[in-house]
Amino acid sequence: MRAARLIKMVLLLQSRASMTAAELARELEVSERTVTRDAQALSEAGVPVYADRGRAGGYRLVGGYRTRLTGLGRSEAEALFLSGVPGALREMGLEDAASAARLKVSAALMPSLSDASRAAAQRFHLDAPGWFTEPKTPELLPAVADAVWDDRRMVARYRRADSDVERELEPYGLVLKAGVWYLCARITADPDSYRVYRIDRFTAVEPSAERFVRDPDFDLPAFWEERAEQFARSILRAEVVVRLSPDGARRLPYAVDPVAAREALDAVGQPDADDGWVTVTLPVESEEVAHSQLAGLGPDVEVLAPESLRARFTDDALRLAALYQRP
């Protein structure tokens, strides 16, 4: 315990020109008297810790005592500190490890780059969850993350429809999408089968003592991009035909699936000569979903088919006209 604290104290002093006893005590979570004793122990061990007395005094390292990362430019150093996602690391149980790693990198940087961490933090922040959501960290996420890091097989039980399913998985990678955690894994019994699981649907996770051999050709970002596109297309099982005003065509990608909207708009012919409206065949998830999505376009969309959806909008229009009819 004390050895780890002494190392952290040296790294703190390497990353800053000088620190007061109070600052060190706060960082190390000890008393100022303990800081004094630790500084003396380091000095006796040959680490050149020097104490400046007086109001502006503090502890510092002398004699060029530091390890440096050579060949690292400013932009590279700042990009390095952007690579962590604080919220995600905290949810996976890796916040302490990430903090220690950043401290070690800070201590090893050239003095001219010592402000790289602060510069990056002042300019960029990642807030992964979407608006109007209350994301909850899955209780089993740290256990799954440990299995992913350790290439260790795991037996997982997860909710599917009205039943629980149990499978032995080889956990390849984690993805955080709009505040929701997913596991990309290979089924042990079927080496050619890779699946995606929502971790908040796991009811139990039991890591195995057996490790698996990771496929060196597996590309997590490419795999996720392909599966995400497949999922988006798989839920668009119905079609509607609509007419859109120029403003409605511009707003359509913000009302429905943006990829489907752009592909549908790219496939249209020439707009009507009189008013510039275009007729579009649009894939949608269902008639109910299309009704709620297209309603946001107001009078800039006219539903042509199916007739049942057109009837919904006709009923909406009649009810709105009655509601807003002037005396």
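The values are calculated or read from the model by the stated rules, or taken from the named source; none is laboratory data. The structure displayed is predicted, hence computed values, not measured ones. Neighbour counts run over all protein chains shown; Cβ positions are idealised from the backbone, glycine included. Just the protein is used for accessible areas: all its heavy atoms, side chains included, with ligands, DNA and RNA removed. Shrake-Rupley method; radii C 1.70, N 1.55, O 1.52, S 1.80 Å.
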Of the residues Asp257, Asp275, which is over 31 Å from the mean Cα position of the chain (by Cα), open to solvent by 40 Å² or more (accessible area, probe 1.4 Å) and not basic (Lys, Arg)? Asp275
Kindly indicate whether Arg201 is open to solvent by 50 Å² or more (accessible area, probe 1.4 Å) and out of contact with any helix residue (DSSP H, G or I) (no Cβ under 9 Å at 6 or more places or on another chain). yes
May I ask you to verify whether Leu297 is aliphatic (A, V, I, L, M) and within 30 Å of Asp151 (Cα to Cα)? no
Given (1) open to solvent by 70 Å² or more (accessible area, probe 1.4 Å); (2) not in a strand (DSSP E or B), where does Ala147 come up short, assuming only one miss? (1)
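Limited to segment 259-271, what total is found for residues that are out of contact with any helix residue (DSSP H, G or I) (no Cβ under 9 Å at 6 or more places or on another chain) and free of Cβ contacts under 8 Å to residues at least 12 places away in the same chain?
Count: 4.
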Show the residue pairs meeting these rules: Cβ distance below 8 Å; 6+ apart or different chains; first residue within segment 27-43 and closer than 15 Å to Arg53 by Cβ; second residue loosely packed, with under 13 Cβ neighbours inside 10 Å and modelled with pLDDT under 90. Glu32/Ala22
Test: residue in segment 182-194 that is open to solvent by 60 Å² or more (accessible area, probe 1.4 Å) and under 24 Å from the mean Cα position of the chain (by Cα): no
Look at Arg326 and say whether it is farther than 18 Å from Asp247 by Cα, open to solvent by 70 Å² or more (accessible area, probe 1.4 Å) and not in a loop (DSSP other than H, G, I, E, B). no
So in segment 6-17, with the set limited to residues that are open to solvent by 50 Å² or more (accessible area, probe 1.4 Å) and under 14 Å from Gly58 (Cα atoms), which one is modelled with the highest pLDDT? Arg16
Can you tell which of Arg214, Arg233 is open to solvent by 60 Å² or more (accessible area, probe 1.4 Å), of a type in the set (D, E, K, R) and touching an Asp or Glu at 6+ places or on another chain (Cβ under 6 Å)? Arg214
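With the structure loaded, tell me whether Tyr194 is closer than 13 Å to Ala145 by Cα, of a type in the set (Phe, Trp, Tyr), in contact with a helix residue (DSSP H, G or I) (Cβ under 8 Å, 6 or more places away or on another chain) and at pLDDT 90 or above or whether it fails that test.
Working: closer than 13 Å to Ala145 by Cα: no; of a type in the set (Phe, Trp, Tyr): yes; in contact with a helix residue (DSSP H, G or I) (Cβ under 8 Å, 6 or more places away or on another chain): yes; at pLDDT 90 or above: yes.
No.
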Which one is modelled with the lowest pLDDT among residues in segment 202-254 that are more than 26 Å from the chain's Cα centre (by Cα) and among the polar types (S, T, N, Q)? Ser208
Breaking point among (1) surrounded by 13 or more Cβ atoms within 10 Å (Cβ to Cβ); (2) farther than 30 Å from Leu294 by Cβ, for Arg243: (2)
Per-region count, segment 25-46, residues within 17 Å of Val62 (Cα to Cα) and buried (at least 18 other Cβ atoms within 10 Å of the Cβ): 3
